[in-house]
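Down below is the structure, laid out as structure tokens.
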Amino acid sequence: MKLNRPNKFNKTRHSNQEGTKTALAFWKFPKNRYRTEKHPVIISKVKCSSKVETILSFQEKQMLEGLVNAVQTSQRDAIRIALYELSKTSLEASLRLLEYASKGSQEKGHTSRSNKVTAKLPKAEKVVFDELQTNCKLTSKETVRLAIIWLAMSVKDEDFKLTKSPRVSQKKLAREWSKTYDKEKGSKLTALTEAADAAYKKAKEEAEERREEEYKRRGETLELMKKDGSLAMWAALQDADQSWQLDPQIIDEYEASLNSESFEKWIIGLEELSEREKEIERIKASFPPGTEDDQLANDIYEINRRERQEEEFLNSCTDEELIDQSPELFFMNRPELNGIFFYDDVISFKTDKEYKRKDGETADEYFNRAFPLNVLENIKKKQEESAAQAKERMTELNKKFQKTAKKYGLDLSREERIMKQEDRHIDTLNQYLKDAKEKDRREEIEQWNTELDKRLRLTKEQIIQYWDNTHPNLF
């Protein structure tokens, strides 16, 4: 009797004891999903006040959207998770993708970047981000882009582990999907195929319409060229060549010159608008042609305006006003909490009422109520002890390293290591010569004498050049 071994061709593993297919049997779209509710980034309650940004290509924007779906969070938190995970991995692993993330990338899908993406981080995460940027020797935008590309690709690897975020099994995803699966209508692949065919047909019709519009537009431009004599000028330049035809590019450049005049008129018209209207027009002008959207431009203006107001407030407010507006921002700027990133664990406030400043309470009084003196002293004492232990451990490691370095010559300069290697090579040749003499092998004696004489005549620069050419990776 044959056994039903679980292999990829065996369909019985997707059926129950009655032979009825399970949800996994209908599961055609394996997905990568993670439960990130316990990820350090997600459980952090510190207010995000530091901004990072980058520019993505269309394909990179899709990678970000895929990452958002994978970690099942907002776009901001997906970027924060990407930066957190990148800071925990080895630079060697992530920098292999630098050719895709660099600002001068020529890789397919990683050029023509125009999608601006921003995210806000807590102050502690911004410090880690700055350190990561320095270590990678990248710009701020390249670092964010590298994190997005790296994690978007990593989450697809079955062996990848996301910090405190288990991967959701395909069986569970299939069960969730099966709740929406209509067994009477069957697979949604049919509907998807029909939708794709309809979209192709529509795209084809739109392309034909665009060609007709382009033909009509060029015809109208030609009429203008006839009227102002431009067409006759181009024809005269061809010396009455009967086979000559007007290049469409000439028509398009003529039209562009007309549009530039319209642009100048638009600039002049801006002077008559209010500052708000001018800013909205500038935002609309940054949109790709054909995607202008008044409502979106207004929304972007309002976001920028609020950010400017927040920045102006932070630059001019008193500590008491800052507490009333945002206690978290106030705590972030207190020197007593420098180096204490997760102060929520030790703060004495437990309720929203306690977080509110009392009438007439000064900023110092408020801070002392939040962090009694003995609490801060205990924290600093523990930090000092930890720092001392870390320093002691580093001293021990350094001693071991120095010992190992001395053993293998790592404490020497590169030139010194090369010269030591040359000495070892001379010793080897002398040993070969000695063996040849003991066995009275005249040809070998002559060979090793010649080789030794040749080596001993080399200057230091020639020796270094020899080892560079023959063993470039040895030192």
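The values are calculated or read from the model by the stated rules, or taken from the named source; none is laboratory data. These numbers were taken from a predicted model, which means no experiment stands behind them. Note that each Cβ is placed from the backbone with ideal geometry, even for glycine, and that neighbours are counted across all protein chains shown. Protein only, heavy atoms only, side chains kept; ligands, DNA and RNA dropped before computing areas. Shrake-Rupley method; radii C 1.70, N 1.55, O 1.52, S 1.80 Å.
Across every pair of different alpha-carbon atoms, what Kirkwood hydrodynamic radius in Å does region 95-139 reach?
Final number for the Kirkwood radius of region 95-139 is 12.4 Å.
Enumerate the calculated ³J(HN,Hα) couplings along region 458-463 in order (Karplus 6.51 cos²θ - 1.76 cosθ + 1.60, θ = phi - 60°), each rounded to whole Hz, writing x wherever the residue is Gly or Pro.
5, 7, 4, 5, 5, 4
Evaluate the relative contact order of region 344-475 (contact order divided by residue number), counting alpha-carbon pairs under 8 angstrom at least 6 apart; express in whole percent.
Working: 42 pairs, mean separation 24.1, N = 132.
Relative CO of region 344-475 lands at 18 percent.
List the residues, sorted by chain then number, that are 5 or more residues from LEU56 or on another chain and whose placed amide H is less than 5 Å from its amide H.
Distant-sequence amide H within range of LEU56: SER114, ASN115, LYS116, VAL117.
For the peptides 381-390, 419-428, 116-125, what is the packing order when you average, over each peptide's residues, the other Cβ atoms within 10 Å and list the highest mean first? Mind showing how you got there, number by number?
Details: 381-390: 10.3, 419-428: 13.0, 116-125: 18.0.
In descending order of packing, they fall as 116-125, 419-428, 381-390.
Taking 19 Å as the cut-off for C-alpha to C-alpha distance, list the pairs among LYS88/LYS164; LYS45/LYS120; LYS51/LYS126; LYS51/LYS123; LYS61/LYS137; LYS38/LYS356 that go past it.
Violating the 19 Å limit, Cα to Cα: LYS61/LYS137; LYS38/LYS356.
Using a 1.4 angstrom probe with every protein chain in place, what is the largest-first accessible-area order of ILE79, ILE42?
Most to least solvent-accessible, the answer reads ILE42, ILE79.
What residues qualify as long-range amide H neighbours of LEU121, i.e. H under 5 Å apart, gap of 5 or more or another chain, H built at 1.01 Å from N?
SER49, SER50, LYS51, VAL52
Would you kindly find the accessible area of ARG414, with a 1.4 Å probe and non-protein molecules such as ligands, DNA and RNA excluded, rounding to the nearest 10 Å²?
Near enough 100 Å² of accessible area.
Per residue of region 427-439, in order, report the coupling 6.51 cos²θ - 1.76 cosθ + 1.60 (Karplus, θ = phi - 60°) as ³J(HN,Hα) in whole Hz, putting x for Gly and Pro.
Per residue, the Karplus-derived 3J(HN,Hα) values read 4, 5, 4, 5, 5, 4, 5, 4, 4, 5, 5, 5, 9 Hz.
Could you run the Karplus curve 6.51 cos²θ - 1.76 cosθ + 1.60 with θ = phi - 60° over region 51-57 and give me ³J(HN,Hα) per residue in whole Hz, x for Gly and Pro?
These are the phi-based 3J(HN,Hα) values: 9, 10, 8, 7, 10, 10, 7 Hz.
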